[in-house]
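*Asks:* I have a structure I would like to understand better, so I am pasting it below and will then ask my questions one at a time.
Read-outs: derived from the displayed coordinates by stated rules, not from any lab. Because the structure is predicted, anything quoted here is derived from the model rather than measured. Every residue, glycine among them, receives a Cβ derived from its backbone with ideal geometry; neighbour counts consider all protein chains shown.
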Amino acid sequence: MKTGEQLRTLILAVLDRQPEHGYAIAQAIKARSEGVLSAREGSLYPALHLLEKDGLVSSSEVEVGGRIRREYHLTGAGQDALAKARGEWRLQARAMDAVLGGS
């Protein structure tokens with residue numbers, strides 16, 4: 001899985017739990033990976049826009065604490081893409097473990 005695909009998959013995984021705005025998506029990626037992974041603004045928002053263009057996420061404006069934010073939602077197509085990506089990732093991880101001598 002290439003870096004851009006990894007970020008797209010991470011975004012879909014975060015949105016699988018609940019809709020979020022961009023900053024919250026970045027924070028969730030960092031928190032869930034215990035600080036190992038990050039999504040910088042310069043790559044996060046282009047990835048979100050591409051996901052939206054591809055119909056994998058949708059967005060809407062919501063008011064949060066008196067501020068308008070763009071909140072992203074996983075679509076049915078996004079759920080399907082995430083399921084496929086999870087399967088591919090598991091296959092790759094097993095293959096890497098086999099080569100590296102993991103258990």
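*Asks:* Counting alpha carbon pairs within less than 8 Å and at least 6 residues apart, what relative contact order, in whole percent, applies to the chain? Can you show the working numbers first?
*Replies:* Values: 98 pairs, mean separation 28.7, N = 103.
Computed value for the chain: 28 percent relative contact order.
*Asks:* Could you give the dipole magnitude of the chain about its Cα centre, charging the beta-carbon of Lys and Arg +1 and that of Asp and Glu -1, in debye to the nearest 20?
*Replies:* Dipole size: approximately 200 debye.
*Asks:* Still on this structure, I have one more. In the chain, if the dipole is taken from +1 on Lys/Arg beta carbons and -1 on Asp/Glu beta carbons about the Cα centre, which of T9, L91, G101 is farthest to the positive end?
*Replies:* G101
*Asks:* I would also like to ask the following. Angle between the Cα long axis of helix 3-17 and the longest principal axis of the chain, 0 to 90 degrees, nearest 10?
*Replies:* 60 degrees
*Asks:* Further, regarding this structure: Take the Cβ-Cβ distance between K53 and A24 as r, set R0 to 30 Å, and report the resulting FRET efficiency rounded to the nearest 0.05.
*Replies:* According to the calculation, E is roughly 0.90.
*Asks:* Another question about this same structure. Can you work out the Karplus-derived ³J(HN,Hα) for every residue in the stretch 74-84? Use 6.51 cos²θ - 1.76 cosθ + 1.60 with θ = phi - 60°, whole Hz, and x for glycine or proline.
*Replies:* Working through the residues one at a time gives 6, 8, x, 5, x, 5, 5, 5, 5, 4, 5 Hz.
*Asks:* Moving on. Per-residue HN-Hα couplings for the stretch 52-69, Karplus 6.51 cos²θ - 1.76 cosθ + 1.60 at θ = phi - 60°, whole Hz, x for Gly and Pro?
*Replies:* Each residue's phi maps through the Karplus curve to give 5, 4, 7, x, 8, 9, 10, 9, 8, 8, 10, 8, 10, x, x, 10, 8, 10 Hz.
*Asks:* What list of ³J(HN,Hα) couplings, whole Hz, do you get for the stretch 36-43 from phi and the Karplus terms 6.51, -1.76, 1.60, once you set θ to phi - 60° and write x for glycine and proline?
*Replies:* 6, 10, 9, 10, 7, 3, x, 10
*Asks:* Would you please give the residues with an amide H less than 5 Å from that of E20, counting only those at least 5 places away or on a separate chain, with H modeled from the backbone geometry?
*Replies:* For E20, whose amide H was placed from the backbone, the distant partners under 5 Å are Y72.
*Asks:* Specify the residue with the greatest mean-square fluctuation among A77, A47, A85, computed from a Gaussian network of the chain linking alpha-carbon atoms under 10 Å apart.
*Replies:* In the Gaussian network model the winner is A77.
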